[in-house]
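Visitor: Quick one: structure below, then a few questions.
The values are calculated or read from the model by the stated rules, or taken from the named source; none is laboratory data. These numbers come from a predicted model, not from an experiment. Note that each Cβ is placed from the backbone with ideal geometry, even for glycine, and that neighbours are counted across all protein chains shown.
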């Protein structure tokens, strides 16, 4: 027996050594106590993870780190597809990043409990921040029941992107360039006129094959329920918050009914909007579906600029294009959905003072402009706007800036990604319905919306009950 | 010889049977081969898709008619009689005509809005402005120095004809903005659209107008019953205009055809540079090294530890072995999604986050997949062999080394191979435990970074995918020799 | 059966005699040695695995929310009650009203079943359907491929590599490839195979009734590993057994049944158990192929693990997700134990047992 053990001992020792040898790295950490505070910035829940964006952000970090001894910035990049899970794992695992961003309105509200309230900091440094400089429309985007949970960095107004070459070939008049000059009915008529099948037959002509459409009149860019329907100018974004804090779902109001019917019929009756399967076909191989030459019109945000620019630089997209105003909703109002990006501080991070210093610096005029140029957003700081403008005019000398700035008059407030109680579940219910609208030709959209509204109300009530 | 004799004596029934068997053998092998080739075609199709996609440009991929093989439509370079034009937005400082005075307009930022105020004068350190949108209103006094303000700009959308201009040292392609009196002209530089136009003392006729040059796509167009290759000049709703490349100066042919229904004239046009682009984009060699290191080292750990544990389970008749084995199996039954966070906490406590340790060390402590596999094999090795060794005085280590390991060699190779391949393609664990930062990452994570929110550059993604697969495929191709070669069991070579 | 069974039994006979001699050596040493070899696993189990498992078990009895870890309360078995909550209402008229918090989960004839989590029932249905269809298909096909490539056809190494090839395609890439393959409008499957045969252009990933078939088809591309296991198993069949049966005049089928199958039964057991665990944890493909990972139209690709993942990471309800996980754990473990129990009747080990 002892002979056996003697021979077995070396293995035991090796295993033990292995364990011991690997453990000391544990103790290495506390030893770094006198080291500078590292402000880890978690990138990926929004934009910011593309290679050229990464480079620009790292350059910013280098700039800061060269000038500061006590606080160091470290950008950490994650792929957008998986970033949320990684962030949640880190936070729950006790490894909390200091700052998360750039993050959109939806991300901010979806995990609204994770963010620190920065209103005290803003008040304290109001003068240094020059609050006047922030576009008045942007600050409210990140305010949640009295808490300011983020500083606006930049935002993305939306318009209708139009492939003018397709119009020219179809001999169809281009949409008007003035806000208020066309309606969703006009958009539908125009879109149908330019929709064309694989044999070159136009929608409405004899022999048109709806199963083999090659050019679609209208493309709902990466659509979701709230983003797609907000253009029909509902009175609120589907959520009414009463004085006493009660939340009412209003997703069955007329504007939503009209919007849902418009998209459903556009796919299955009027054949000018692609269904989910066709969207996949259009997206094949293109960084950005608009550059596929298979879309005549589509509403999207300024973030499309970057993709179009690279497709043009590579020679893959040679069509002539421009931006046009969003149409007037049936109720006579105009709404151009807006997205916004921000950096937010995490509640769970200990050294908030240091994080605030970095946050303040990132949203300063010079840095925010640099970041906005790589993200594609319009700077929330007004002083950066004309530089932003020159940057894009350089890339697209023909760009209709009147439409771009015109959209600022019609931004959606409350925002279509704005607060809902039990956000993730409510959002998911909306999306599940949206999926049905876009895949089931036989769905009764009105009855569906009533049922949806009741379901969402139930989700809101559940949150209220849990409070 | 026998065979020949069989041919001669045809009446021999045995020989006929022999022939029959031979024929069946050949037919059998042939059928087998056909079946295998058929299946191989199906199983290769994803790779064919990957390969062809990896060799295409985004433009080729997005063409709805693109053939499987990477091809581009043939083009014809056409110099049209038309003039090349340039559309642009000209931004220049805004001025306000105020009571006969030309005032410069500035952007004044107040309370989150930009106001366009024309500067009138400075009175006792106070600047006086006129609201450009409402000049009738009373002047506005602000304590702002004009020097700190940015001038407001007017956007003018213009379209100009382009010319080749050569005047003294001013040379280049410029757009003609205006013809002035007295043989003078006003020009703009398309490279610098924000600069004000400049004047040259030349007439328009002194500059050379630039003709529009286009690469027209060639189509196979049916004309009067025959198919001709024509270059598409202009598409209309009901017809199209074509240029005949053989006779470019003739009037364009107006034909009553739908362009989208026509076939293009294709040319082979692969783009192998996607592979190098993909390699650059994901820092391929660095990640390759990381991945290889992790896969090799953890594979070793997995194989060694699984061998020991499986040996312990199968050869020693220990009490509660079955219960222990079920516990071992149960560790892979619980969905990893719910253990991810607690596991992260464990590694974080150990200080292993951001290092390779979580991807390597746990494998030195065996896992259920490998132990189970080896258990199944070791139980198939007859006990009489280790008994014989035991009789010869071998200790359990010697038995393991001299009896079990040689007998279970294919299974050991399999474990190493599978672990290597698993580790090579493992995505979730490196993603969570290595943290962000590309230089510390592995191929699977680097590759996934191609899949992006609003876009996916599938050509690069497929190229990177193929590059990632090369090693496991090569390893597999060569390892199967060891894996498949005759295994010595019970002393009989197969 | 009987003719060939004789061959292996002669093999086992010898160890049966030796068995006695093992007992001659001190039993305690034997046991200690056995446990000694288990040490790596035991250390690893306590170091890396046990803690997280216990943690998730504990969490399954709390309302742990990833967003609000500070507010976690112990809620006893409420999460488990939520999974199994069922309310039955017989309805012959149209109006069906459930208790508050309950929504209709499924319907059997005129019986309406309501549940606090109606999606879990759909997920169970999808997962079971898929397991019943996909697992036998994959095991059968893998065995078939293994038999095919265990022959001496020219180029067999290449064929083996080709059949194995789809399993090494990184999962992110594979998902994209199959998304393109199965697309209705211009997917290769429809364009190059089905529509030339006049079978139309089904939208594989959109049409709910095609969801499980589509995923099964995708799954067959990934059987390389299973095939290899079988191949390795086939290598272990001593040729003398075949020769013996050939002498007996057995045909291919009876050789397969009486020699091959019993000899590779340990591998079948392995593949069955691992396949079972894998199928019940099926996740990645369904997650990637459906928009938002939400299970597709009519929840036709809504797998149990997808539901679990969404509860944990989309809705942050890690407590409930842990309960879901433990239910799955218990079910799969019971099935696994049953399979092992039954295995003594059909799995044959040359090394005895």
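Visitor: Determine whether residue B:260 is within 14 Å of another protein chain (Cβ to nearest Cβ), out of contact with any strand residue (DSSP E or B) (no Cβ under 8 Å at 6 or more places or on another chain) and either outside any loop (DSSP other than H, G, I, E, B) or farther than 30 Å from residue B:153 by Cα (or both).
Guide: In short, no.
Visitor: Just a yes or no: is a residue in segment C:251-272 under 23 Å from residue C:105 (Cα atoms), touching a helix residue (DSSP H, G or I) at 6+ places or on another chain (Cβ under 6 Å) and either outside any helix (DSSP H, G or I) or more than 11 Å from every other protein chain (Cβ to nearest Cβ) (or both)? Break it down into steps so the answer makes sense when it comes.
Guide: Our first condition is that a residue be under 23 Å from residue C:105 (Cα atoms); within segment C:251-272, this holds for none.
Scanning segment C:251-272, I find no residue that is under 23 Å from residue C:105 (Cα atoms), touching a helix residue (DSSP H, G or I) at 6+ places or on another chain (Cβ under 6 Å) and either outside any helix (DSSP H, G or I) or more than 11 Å from every other protein chain (Cβ to nearest Cβ) (or both), so the answer is no.
Visitor: Among the residues of segment B:317-350, which ones are modelled with pLDDT under 90 and under 14 Å from residue C:39 (Cα atoms)?
Guide: B:318, B:321
Visitor: Determine if segment A:63-71 includes at least one residue that is under 30 Å from residue A:310 (Cβ atoms), buried (at least 20 other Cβ atoms within 10 Å of the Cβ) and assigned by TED's automatic domain parsing to the domain that holds residue A:370.
Guide: No - not one qualifying residue is present in segment A:63-71.
Visitor: Restrict the check to segment A:240-252 and report whether at least one residue is under 20 Å from the mean Cα position of the chain (by Cα), touching a residue at least 60 places away in the same chain (Cβ under 8 Å), more than 14 Å from chain B (Cβ to nearest Cβ) and farther than 24 Å from residue B:49 by Cβ.
Guide: Step one: list which residues in segment A:240-252 are under 20 Å from the mean Cα position of the chain (by Cα), which gives none.
The answer is no, given that none of the residues of segment A:240-252 is under 20 Å from the mean Cα position of the chain (by Cα), touching a residue at least 60 places away in the same chain (Cβ under 8 Å), more than 14 Å from chain B (Cβ to nearest Cβ) and farther than 24 Å from residue B:49 by Cβ.
Visitor: Looking for something in contact with a helix residue (DSSP H, G or I) (Cβ under 9 Å, 6 or more places away or on another chain), modelled with pLDDT of 75 or more and more than 30 Å from residue C:288 (Cβ to Cβ) - is there at least one such residue anywhere in segment A:9-30?
Guide: The answer is no, given that none of the residues of segment A:9-30 is in contact with a helix residue (DSSP H, G or I) (Cβ under 9 Å, 6 or more places away or on another chain), modelled with pLDDT of 75 or more and more than 30 Å from residue C:288 (Cβ to Cβ).
Visitor: Looking at segment A:413-420, can you tell me whether even one residue there is closer than 30 Å to residue C:307 by Cα, more than 12 Å from chain B (Cβ to nearest Cβ), without any contact (Cβ under 8 Å) to a residue 24 or more places away in the chain and in contact with a helix residue (DSSP H, G or I) (Cβ under 9 Å, 6 or more places away or on another chain)?
Guide: no
Visitor: Is at least one residue of segment C:331-347 touching a helix residue (DSSP H, G or I) at 6+ places or on another chain (Cβ under 9 Å), touching a residue at least 40 places away in the same chain (Cβ under 8 Å), surrounded by 19 or more Cβ atoms within 10 Å (Cβ to Cβ) and more than 7 Å from chain B (Cβ to nearest Cβ)?
Guide: The answer is yes; a qualifying residue exists.
Visitor: Still on this structure, please answer the following. Tell me which of these residue A:403 doesn't satisfy, since it passes every other one: (1) in contact with a helix residue (DSSP H, G or I) (Cβ under 6 Å, 6 or more places away or on another chain); (2) crowded, with 17+ Cβ neighbours inside 10 Å.
Guide: In the conditions (1) in contact with a helix residue (DSSP H, G or I) (Cβ under 6 Å, 6 or more places away or on another chain); (2) crowded, with 17+ Cβ neighbours inside 10 Å, residue A:403 misses (1) alone.
Visitor: Quick test for you: out of C:99, C:73, C:82, C:122, pick the one residue that is within 26 Å of residue A:85 (Cβ to Cβ) and over 32 Å from the mean Cα position of the chain (by Cα). Can you show your working first?
Guide: Details: C:99 fails: within 26 Å of residue A:85 (Cβ to Cβ); C:82 fails: over 32 Å from the mean Cα position of the chain (by Cα); C:122 fails: over 32 Å from the mean Cα position of the chain (by Cα).
Selected residue: C:73, the only one of C:99, C:73, C:82, C:122 that is within 26 Å of residue A:85 (Cβ to Cβ) and over 32 Å from the mean Cα position of the chain (by Cα).
Visitor: Among the residues in segment B:252-272, are any crowded, with 21+ Cβ neighbours inside 10 Å and more than 37 Å from the chain's Cα centre (by Cα)?
Guide: No, there is no match, as no residue in segment B:252-272 is crowded, with 21+ Cβ neighbours inside 10 Å and more than 37 Å from the chain's Cα centre (by Cα).
Visitor: Shifting gears a bit: Among the residues of segment A:308-324, are any within 24 Å of the chain's Cα centre (by Cα) and within 30 Å of residue A:119 (Cα to Cα)?
Guide: No; the residues of segment A:308-324 include none that is within 24 Å of the chain's Cα centre (by Cα) and within 30 Å of residue A:119 (Cα to Cα).
Visitor: Residue A:373 versus (1) out of contact with any strand residue (DSSP E or B) (no Cβ under 7 Å at 6 or more places or on another chain); (2) within 14 Å of another protein chain (Cβ to nearest Cβ); (3) assigned to a helix (DSSP H, G or I): which is the lone unmet condition?
Guide: (2)
Visitor: Which ones in segment B:121-155 are at pLDDT 85 or above and under 30 Å from residue A:398 (Cβ atoms)?
Guide: B:132, B:133, B:149, B:150, B:151, B:152, B:153, B:154
Visitor: May I ask you to say which residue of B:324, B:374, B:287 is more than 8 Å from chain C (Cβ to nearest Cβ) and over 30 Å from residue B:441 (Cα atoms)?
Guide: Working: B:324 fails: more than 8 Å from chain C (Cβ to nearest Cβ); B:287 fails: over 30 Å from residue B:441 (Cα atoms).
Answer to the selection: B:374.
Visitor: Among the residues of segment A:443-451, are any away from chain B (no Cβ under 12 Å), touching a strand residue (DSSP E or B) at 6+ places or on another chain (Cβ under 8 Å) and either at positive phi or in a loop (DSSP other than H, G, I, E, B) (or both)?
Guide: No, every residue in segment A:443-451 fails to be away from chain B (no Cβ under 12 Å), touching a strand residue (DSSP E or B) at 6+ places or on another chain (Cβ under 8 Å) and either at positive phi or in a loop (DSSP other than H, G, I, E, B) (or both).
Visitor: Before we move on, is residue C:297 within 12 Å of chain B (Cβ to nearest Cβ), at pLDDT below 85 and touching a helix residue (DSSP H, G or I) at 6+ places or on another chain (Cβ under 8 Å)?
Guide: Judged against the criteria, residue C:297 is not a match.
Visitor: Can you work out which of the residues in segment B:182-194 that are within 11 Å of chain A (Cβ to nearest Cβ) and more than 16 Å from residue B:171 (Cα to Cα) is surrounded by the most Cβ atoms within 10 Å (Cβ to Cβ)? Spell out how you get there, then give the answer.
Guide: We begin by selecting, within segment B:182-194, every residue within 11 Å of chain A (Cβ to nearest Cβ); these are B:188, B:190-194.
Add one more test, that the residue is more than 16 Å from residue B:171 (Cα to Cα), and what stays is B:193-194.
On the way: B:193: 18, B:194: 15.
Per the criteria, the residue is B:193.
Visitor: Here's another thing I want to ask about it. Got a number for residues in segment C:137-174 being more than 7 Å from chain B (Cβ to nearest Cβ) and in contact with a strand residue (DSSP E or B) (Cβ under 9 Å, 6 or more places away or on another chain)?
Guide: Result for segment C:137-174: 0.
Visitor: So how many residues does segment A:59-80 have that are outside any strand (DSSP E or B) and touching a strand residue (DSSP E or B) at 6+ places or on another chain (Cβ under 6 Å)?
Guide: Of the residues in that region, 3 qualify.
Visitor: On the basis of being at positive phi and free of Cβ contacts under 8 Å to residues at least 60 places away in the same chain, does residue A:315 make the cut?
Guide: Values: at positive phi: yes; free of Cβ contacts under 8 Å to residues at least 60 places away in the same chain: yes.
Yes; evaluated as a whole, the condition is true for this residue.
Visitor: Next question. Test residue A:79 against the criterion of being within 14 Å of chain B (Cβ to nearest Cβ), surrounded by 16 or more Cβ atoms within 10 Å (Cβ to Cβ), at pLDDT 85 or above and within 22 Å of the chain's Cα centre (by Cα), and give yes or no. Let's see the steps before the verdict.
Guide: Working: within 14 Å of chain B (Cβ to nearest Cβ): yes; surrounded by 16 or more Cβ atoms within 10 Å (Cβ to Cβ): yes; at pLDDT 85 or above: no; within 22 Å of the chain's Cα centre (by Cα): yes.
It is false that residue A:79 is within 14 Å of chain B (Cβ to nearest Cβ), surrounded by 16 or more Cβ atoms within 10 Å (Cβ to Cβ), at pLDDT 85 or above and within 22 Å of the chain's Cα centre (by Cα).
Visitor: Is it true that some residue in segment A:145-152 is within 14 Å of another protein chain (Cβ to nearest Cβ) and either surrounded by fewer than 21 Cβ atoms within 10 Å (Cβ to Cβ) or assigned to a helix (DSSP H, G or I) (or both)?
Guide: no
Visitor: Can you work out which of the residues in segment A:89-124 that are within 17 Å of residue C:71 (Cα to Cα) and buried (at least 21 other Cβ atoms within 10 Å of the Cβ) is farthest from the other protein chains (Cβ to nearest Cβ)?
Guide: A:116
A quick yes/no check of all residues on (1) under 21 Å from residue B:214 (Cα atoms); (2) at pLDDT 90 or above; (3) buried (at least 16 other Cβ atoms within 10 Å of the Cβ); (4) within 11 Å of another protein chain (Cβ to nearest Cβ):
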| site | (1), (2), (3), (4) |
| --- | --- |
| B:53 | no, no, yes, yes |
| B:57 | yes, no, yes, yes |
| B:66 | no, no, yes, yes |
| B:74 | yes, yes, yes, no |
| B:82 | yes, no, no, no |
| B:92 | no, no, no, no |
| B:99 | no, no, no, no |
| B:112 | no, no, yes, yes |
